[in-house]
Structure formats: structure tokens, C-alpha cells
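Written below as C-alpha cells is the structure these notes are about.
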Amino acid sequence: MTLAPILKIESLHVAFRSRELGQEAKLAVKGLNLAVSPGEVFGFLGPNGAGKTTTMNVLLGFVPPTSGNAFLFGVNVREPIARQRIGYLPELTYYYKFLTAEEILRFYAKIFGLRSSLADQRINSILKLVELDHARKRPIKTYSKGMQQRVGLAQALINNPDLLILDEPTSGLDPVGRMKVREIIQRLKNDGKTVFFSSHELGEVETVCDRVAILCDGQLKAEGKVEQLVRAYQCTTLEQVFLKIIDYKLAA
């Protein structure tokens with residue numbers, strides 16, 4: 001029996017009004033249809049300006065659809081209850097540098113209304129998952145970029161979400177930092193979590209994703225398993241598929 005999608009997008013259009021007089025509205029997302037099944041790691045790809053972040057902002061309730069619909073757990077994203085079971089990591093994170101990882105997680109636990117004993121359990125398990133247990137009492141200002149990104153992942157997990165939405169989770173990280181984030185995503189998949197994330201690190205995507213979607217100019221250009229896309233486009237890597245789809249021409 002096929003499980004119902006945990007994330008579903010139907011004929012989504014998102015337009016932004018131009019600030020310049022007489023200019024037409026910019027259509028950032030054009031008729032997007034997408035479905036993500038429970039337990040999948042799904043890569044959401046595209047060049048800058050393709051509409052990835054706009055789509056994520058619709059799912060998160062930050063931007064209303066111009067037309068079409070999006071659903072989380074079968075509930076329209078226009079309803080706040082749709083987002084009770086998700087965790088979110090933005091591309092750019094900022095935390096008060098004088099706080100420790102433990103203090104940050106306790107703050108988010110209070111936002112979600114977790115009782116003290118449950119919060120303690122969640123904080124302990126999450127810090128071990130993201131390999132920050134040894135640094136839990138240190139101020140964030142002493143953390144490397146990779147460690148700060150793992151704090152971001154930790155706060156996204158504090159409410160034990162069923163779906164994680166991650167915007168460029170490995171942005172700016174060195175190879176070791178990217179590897180650690182990749183390992184965490186794999187552990188989350190093993191725990192039955194669904195992960196929906198955007199990335200420009202196509203090698204990482206090729207390694208961890210069950211399926212991917214490639215957007216360009218607000219439109220869905222390709223969707224499927226990496227090996228299927230590589231075969232269909234007669235390429236050897238996802239990067240080659242991506243460049244072919246966006247019609248990138250190498251300089252002569």
C-alpha cells in the first residue's frame with residue numbers, strides 16, 4: 001500500500017509585485033507539482049533564483065500562494081496546525097553568541113511547551129546525535145562554523161518533528177563539516193524522519209537523497225531518483241544532469 005505524501009504541492013504559483021511603477025509582477029514559482037513520501041530524503045535543487053526558497057517559504061507559512069495549494073501531513077499550509085510536526089533550519093542562522101548549545105535548546109523546548117523532564121531527555125539525545133555533547137556548556141562564540149550549523153540542526157529537532165525542512169544545510173562548511181551533516185541526515189532517515197532540503201552541493205545530494213527535483217526559472221524541470229535521471233539524460237553524475245537541464249554552456 002502506498003503511503004500518503006507527507007508533503008504535497010499542487011499547481012503552485014507565487015507572484016511578487018514589482019516595486020517599480022508599471023512593471024509586471026514577477027512569477028517566482030510557476031505551476032509547481034510535487035509530492036514527498038514519509039521517510040524520504042528529498043533534494044530540492046536549482047540555480048539561484050529558481051524558486052526554491054520561495055517554495056519553502058510557502059510551506060513554512062511565510063509567503064502565501066498566489067494560486068494553487070500546498071499541504072503538510074494532509075493539512076493545507078494556510079492552517080497554522082500544519083506546521084506543528086516540522087523542524088526548520090534556515091540558510092542563515094543567528095544565535096546569541098554568549099549562550100551555550102544547551103541554553104539555546106532549552107529555550108526552544110520552552111517555546112514548544114515541553115515539560116522539563118522531557119526537554120532534558122530531548123536535549124541530551126539531540127546533542128549526542130549532532131556530536132555536540134562535549135561542547136554543550138561552551139558559548140556559541142567559541143564554536144566553529146560547522147558546530148554552529150549543527151546547533152541549528154539541533155534546534156530544528158527539539159520538538160521531535162516528523163518532517164525536516166533544511167535550506168542549504170551545508171552552506172559554507174568545509175569537507176569535514178559537510179560530512180558530519182550528511183551523516184546526521186542519514187541517521188535521521190534511519191530513524192524514519194522525512195528530510196526535504198535544498199542544496200548546491202550536488203555531490204552531497206547524490207550521496208544521501210532518495211529522490212531529487214530540479215527547478216529552473218520557477219518551473220519543475222526534472223524529478224526522480226538520481227540514477228534514473230543520470231540514465232535518462234545520458235550523464236555520469238548528477239552535476240552533469242543539473243547543468244544539462246539548466247542549459248549551462250561551458251565557456252569556449
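Ranking Leu34, Gln186, Ile246 by Cα position along the charge dipole of the chain, where only Lys, Arg, Asp and Glu carry charges on their C-beta atoms, puts Gln186 farthest toward the positive end.
What is the percent carbon and sulfur in the accessible area of region 14-53, measuring with a 1.4 Å probe over the protein chains and ignoring ligands? The value for region 14-53 is 47 percent carbon and sulfur by accessible area.
Residue pairs exceeding 18 angstrom between C-alpha atoms, taken from Lys8/Lys30; Lys52/Lys189; Lys97/Lys137: Lys52/Lys189.
Solvent-accessible surface of protein heavy atoms, probed at 1.4 angstrom with all chains present, puts His134, His13, His200 in the order His134, His200, His13, largest first. Of the listed residues Thr237, Thr194, the order by accessible area with a 1.4 Å probe, largest first, is Thr237, Thr194. Springs between Cα atoms under 10 Å define the GNM used for the chain, and in it the highest mean-square fluctuation of Val151, Val130, Val176 occurs at Val176. Annotation: lysines with alpha-carbon distance below 18 angstrom to Lys244 (same-chain offsets under eight excluded): Lys221, Lys225.
Per residue, the accessible area of region 1-84 comes to 54 Å², computed with a 1.4 Å probe over protein heavy atoms only.
So for the chain, averaging the separation of alpha carbon pairs under 8 Å that are six or more residues apart and normalising by length, what relative contact order in percent results?
Values: 453 pairs, mean separation 62.4, N = 252.
After rounding, I find 25 percent.
In debye, nearest 20, what is the charge dipole magnitude of the chain about its Cα centre with +1 on Lys and Arg Cβ and -1 on Asp and Glu Cβ, if you could check?
Details: 33 positive and 26 negative charges, 128 e Å.
With only Lys, Arg, Asp and Glu charged at Cβ, the dipole is about 620 debye.
Computed with a 1.4 Å probe over protein heavy atoms only, the accessible area of Phe16 comes to about 80 Å². Entry note, the chain: the mean residue ellipticity at 222 nm calculated from DSSP H runs of n ≥ 4, each adding -39500 (n - 2.57), is -10000 deg cm²/dmol after division by the residues and rounding to the nearest 500.
Relative contact order of region 212-252: 27 percent, from C-alpha pairs under 8 Å at least 6 residues apart in sequence. Considering only Leu34, Leu164, Leu89, the Gaussian network model of the chain with Cα springs below 10 Å gives its largest mean-square fluctuation to Leu34.
Determine the order of Val241, Val230 by accessible area, beginning with the largest, at a probe radius of 1.4 Å. Walk me through the numbers before you get to the answer.
Working: Val241 0, Val230 20 Å².
So, going from the largest accessible area down, we get Val230, Val241.
Highest mean first, the peptides 179-188, 73-82, 211-220 sorted by other C-beta atoms within 10 Å per residue fall in the order 211-220, 179-188, 73-82.
Mean-square fluctuations from a GNM of the chain, with a 10 angstrom spring cutoff on Cα atoms, peak among Gln155, Gln84, Gln234 at Gln234.
The values are calculated or read from the model by the stated rules, or taken from the named source; none is laboratory data. Values in this document were obtained by computation on a predicted structure and should not be read as measured data. With ideal geometry, Cβ positions are generated from the backbone for all residues, glycine too; neighbour counts draw on all protein chains shown. Ligands, DNA and RNA are excluded from the accessible area calculation, which covers all protein heavy atoms including side chains. Shrake-Rupley method; radii C 1.70, N 1.55, O 1.52, S 1.80 Å.
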